[in-house]
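As structure tokens, the structure follows; a few thoughts come after it.
The values are calculated or read from the model by the stated rules, or taken from the named source; none is laboratory data. Keep in mind that this is a model prediction, so the values were computed, not measured. All Cβ positions, glycine included, derive from the backbone under ideal geometry; neighbour counts span all protein chains shown.
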Amino acid sequence: MSQIQIRPCPQPLQAQLHSQGVPPLLARLYASRGVADAGEVDYALKGLLPFQGLKNAEAMARRLADAIAAGQRLLVVADYDADGATACAVAVRGLSLLGARIDFIVPNRFEYGYGLTPEIVELAAQQQPDIIITVDNGIASVAGVDAARARGIEVLVTDHHLPGDTLPQALIVNPNQPGCEFASKNLAGVGVMFYVLLALRAEMRQRGVFASGKEPNLGELLDIVALGTVADVVKLDRNNRILVDAGLRRMRAGKLCAGIAALFRVAGRAAYKATAFDLGFTIGPRLNAAGRLDDMSLGIACLLASSEEAATPLAQQLDGLNRERRAIEHGMQDEALAVLSGIDAANHYTLTLYRDDWHQGVVGLVASRLKERYHRPSIVFAPGDEGEIKGSGRSIPGFHLRDALDMVSKRHDGLLLKFGGHAMAAGLTIREQDFDTFRQAFEQVARQLLDEAALTRVWETDGSLSGRELCLEMAETLAAEVWGQGFPPPTFNDRFYIVSQRLVGAKHLKLRLARDGVECDGMLFNHADWLPEQVDAVYQLAANEWQGRKELQIYIQHWQQVEQA
């Protein structure tokens, strides 16, 4: 069941933005997203929150400056997703620019699991580091930090995940740690590492390190920061939008690292017109594919490549892994849908599935597909270590997934061997024999926390567009803005006549649409059945470029048949 709902737009905010020179449609879009002043959509780098507000950033900067001065060996321990890979690349590139002796390792998710575990410390110790720096992990690594300290290895934690009840005995930079008053709690792991580098450069400047030489330009890292921020689907508050906008501008100007440039090329996308959508749905998935199916070291190596010649074969390998990932995902999704065809999903508050031949690296993607299709919190499991299964979940608005798992854990002692995550995504490990018990416990918690209204899919839109606004110029204007998680891309709803329709690629509809005297092309993906003559559609504008020509195209996300009076 679905309903279309127009996003509220406070008229005083819209009028104020318009009076400050913001065009009418953009004023409406910004106001409905809580923007109160035109300055909030000024993305100049001078608007970044100062690093001094990030707890322990200056203390970590002092420690790193001392380590660099003493020639100590630093080792980055990364996470295996796109945020972890970009955070690692930013750490290695940035610390190298600042004179550090630096290397990295990234755990293979299938052998070591997540975070700085004692096993990873043992692996890291082989490189004899003086200091381990975690990126995009570490806030929950109590045992791992203890194991490192026992070996005489100091640990510096940079992370953004929510902390548990006990913090590791280490110097921590994390906007979500207790006592941190940094105004943006939404920094990705790569953003946290970038802030540490800003603090370190300031500390080294104060020490006179750059007096006889050129000061490193950390802005060179912003394309990587933008990629990780968007790919990790953190909320794009103003501070994150500044980081992403700066990175996109570098990409469009051709000032992007060789690895990202190569990923654009293998994906068939043009970096000179890069958007946040490209980072989230084209470049990010190719980077993530390494961690899902193989080893994220490949993705990090691509980001660290110093030339086009070095980056291209790595990007091609990542593209190949992404194609393999898509094939596995589609197969698992078809199998999941076959299982669900035998049950009435509408009578369930959650969807929890497991097969012993599913791939651990793709369960989160399949859970996301199920969540989108059925609008239910979904968790998909695959085999893990002997006797265990590992699950990845995705949630719907109004249901905090990590908190729900915490409730399950407290009600059923020992049922969850491990769990962690955020409101909308989480991971967990249970015993295979406990799958049915967990499925019932998770359903019970959801029935307590959710109601029927929350289980109704709401298509929130920005209302109607006039015929004058339904144009290529508007599509290009919207594409140049920074949209994403927490600052959703503009979506509209209107009634269209279907002038013509044909099937392309065996499963997509190519449409010719008309309204208010305007005709344009449209696409409805993954839908092979003919549409009625008239539809109420939820859609987004796109500027489609083909053989040197640009034209407006409408991407239909949802449609309903027009009820006859």
Confirm whether ALA183 is among the hydrophobic types (A, V, I, L, M, F, W, C) and within 21 Å of the chain's Cα centre (by Cα).
yes
Can you name every residue in region 309-320 that is among the hydrophobic types (A, V, I, L, M, F, W, C) and under 21 Å from the mean Cα position of the chain (by Cα)?
ALA315, LEU318
For residues that are loosely packed, with under 15 Cβ neighbours inside 10 Å, under 23 Å from LEU450 (Cα atoms) and under 23 Å from the mean Cα position of the chain (by Cα), tally how many sit in region 321-357.
0
Specify the residue that is farthest from the chain's Cα centre (by Cα); the eligible residues are those in region 116-170 that are assigned to a helix (DSSP H, G or I) and touching a residue at least 40 places away in the same chain (Cβ under 8 Å).
ALA124
Out of GLU220, GLU203, report the one residue that is more than 26 Å from GLY39 (Cα to Cα) and either at pLDDT below 95 or part of a helix (DSSP H, G or I) (or both).
GLU203
Out of ARG63, ARG73, report the one residue that is charged (D, E, K, R), assigned by TED's automatic domain parsing to the domain that holds ILE139, out of contact with any helix residue (DSSP H, G or I) (no Cβ under 9 Å at 6 or more places or on another chain) and touching a residue at least 12 places away in the same chain (Cβ under 8 Å).
ARG63
Among the candidates GLU203, GLU181, GLU220, which residue alone is loosely packed, with under 13 Cβ neighbours inside 10 Å and not polar (S, T, N, Q)?
GLU181
Taking region 527-552, which residues are touching a residue at least 60 places away in the same chain (Cβ under 8 Å) and either hydroxyl-bearing (Ser, Thr, Tyr) or crowded, with 16+ Cβ neighbours inside 10 Å (or both)?
VAL538, LEU541, ALA542, ALA543, LEU552
Any idea how many residues of region 486-521 are part of a loop (DSSP other than H, G, I, E, B) and either within 32 Å of the chain's Cα centre (by Cα) or exposed (fewer than 13 other Cβ atoms within 10 Å of the Cβ) (or both)?
9
Within region 296-307, is there a residue that is assigned by TED's automatic domain parsing to the domain that holds VAL76, within 30 Å of LEU450 (Cβ to Cβ), without any contact (Cβ under 8 Å) to a residue 60 or more places away in the chain and part of a helix (DSSP H, G or I)?
no
GLY517 - would you say it is more than 25 Å from GLN3 (Cβ to Cβ) and in the same structural domain as VAL22 (by TED's automatic domain parsing)?
yes
